[in-house]
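Undergrad: Got a structure for you, questions after.
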Amino acid sequence: MADLVMPVMTEESVVRRGTRTRAQKEPQGESVVQLGQARGEQGMVVEVEIESLVVQGSPRSTGEDQDHIQALVEVRAPLPPVLVHRQTMRVIDGVHRLRAAELRGDDKIAVAYFDGSESDAFVLAVESNITHGLPLSMADRKKAAGRIITSHPQWSDRMIASATGLSPGTVSEIRRRAAGETPQEGSRIGQDGRVRPVNSAAGRELAGKLIRENPGLSLRQIARAARISPETARDVRNRIHRGEDPLPKPRVRARPRPKAPAPETGRSRAATEQVISRTELAARAAAVDRLKSDPALRFSETGRMLLRLLTLHTLTGAEWQAIIDSVPPHCTAAVADLAHACAGVWGEVATRMEHQTVRQG
């Protein structure tokens, strides 16, 4: 059968990180560069025999979801191609789509190949399963982060967080537990492809020594020799000129005093209670999660847009209050007007959907 020409989307975000590191000369960036280069070698999607594919090594510990597979069987629109590691023929992303094709009796399936190491293929598998399809559980994401920290120790916490759907703080904690209490040295690659030291203390000390011995050196020369940023080099030079130590003293943060809750009017209190109703919030979040698992919505652009809008309304009462508290006083009136307008728009959407349901019934 002739090759099918289709865009390859599943590895796009990993590729963006690789593309940004093409100018990177450090050996730590080698793995990321390979991800970017692999994208340039694969622009085609082909059909291959299903029996030639291998299903193993998934980051999903719970295995395949039969309900999700059955839902994919019912989808009439063409599904995205399955992403496969060319060297091993292992399915990186799309096991549920593969099972659905088998249930339909298909002999072949559309495949996009990824050329790279098995550790990079695992990163791609994790990232693919947090950006679309059936999402990975929090436990699976943390376990995957631990594995990526081991296979890609040069990646920054933010870079691993973007691949696993975790916060940088969570990744940092996982890394700390894996390393114990041993101080971490060296450098890491950030999402922008730049190499930064984990601990700048040694760099600051070296920069201070260079500045004392060679006052005529430029900031860029100092930064390059000490492996710090030019701004850090500037700060070190200013400190030395003021007779201070190159290393800033650690700040001791005073514990903030608890603030007395602001008085609420009867109307605002009722509105807050309505927003933070836990039972209502849990039901709303569960309904949105069910919609996210529906392929009819997830595999269309307008469906994904609707899911993003609905997800905004699963915030907790504390999260909404934090947003309200962060609005500057001169913006509160404008934000309140927009909030009322948005509520009106959602009311109109609800009315139209209800009328459409009646007509369809």
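Undergrad: How many residues, within the range 314-325, are open to solvent by 70 Å² or more (accessible area, probe 1.4 Å) and over 14 Å from Val335 (Cβ atoms)?
TA: Residues in the range 314-325 being open to solvent by 70 Å² or more (accessible area, probe 1.4 Å) and over 14 Å from Val335 (Cβ atoms): 2 in total.
Undergrad: I've got another one for you. Filter the helices (runs of 4 or more DSSP H) completely within the range 273-355 down to those with at least 2 residues that are in contact (Cβ under 8 Å) with a residue 40 or more places away in the chain and in contact with a helix residue (DSSP H, G or I) (Cβ under 9 Å, 6 or more places away or on another chain).
TA: Ranges flagged: 295-298, 317-326.
Undergrad: For the range 152-171, indicate whether the set of residues that are open to solvent by less than 40 Å² (accessible area, probe 1.4 Å), of a type in the set (Lys, Arg) and more than 20 Å from Ser61 (Cβ to Cβ) is non-empty.
TA: No: zero hits.
The values are calculated or read from the model by the stated rules, or taken from the named source; none is laboratory data. Here the structure is a predicted model, which is why all the values come from computation and not from measurement. Cβ atoms come from the backbone with ideal geometry, glycine included; neighbour counts cover every protein chain shown. Only protein heavy atoms, including side chains, enter the accessible area calculation; ligands, DNA and RNA are left aside. Shrake-Rupley method; radii C 1.70, N 1.55, O 1.52, S 1.80 Å.
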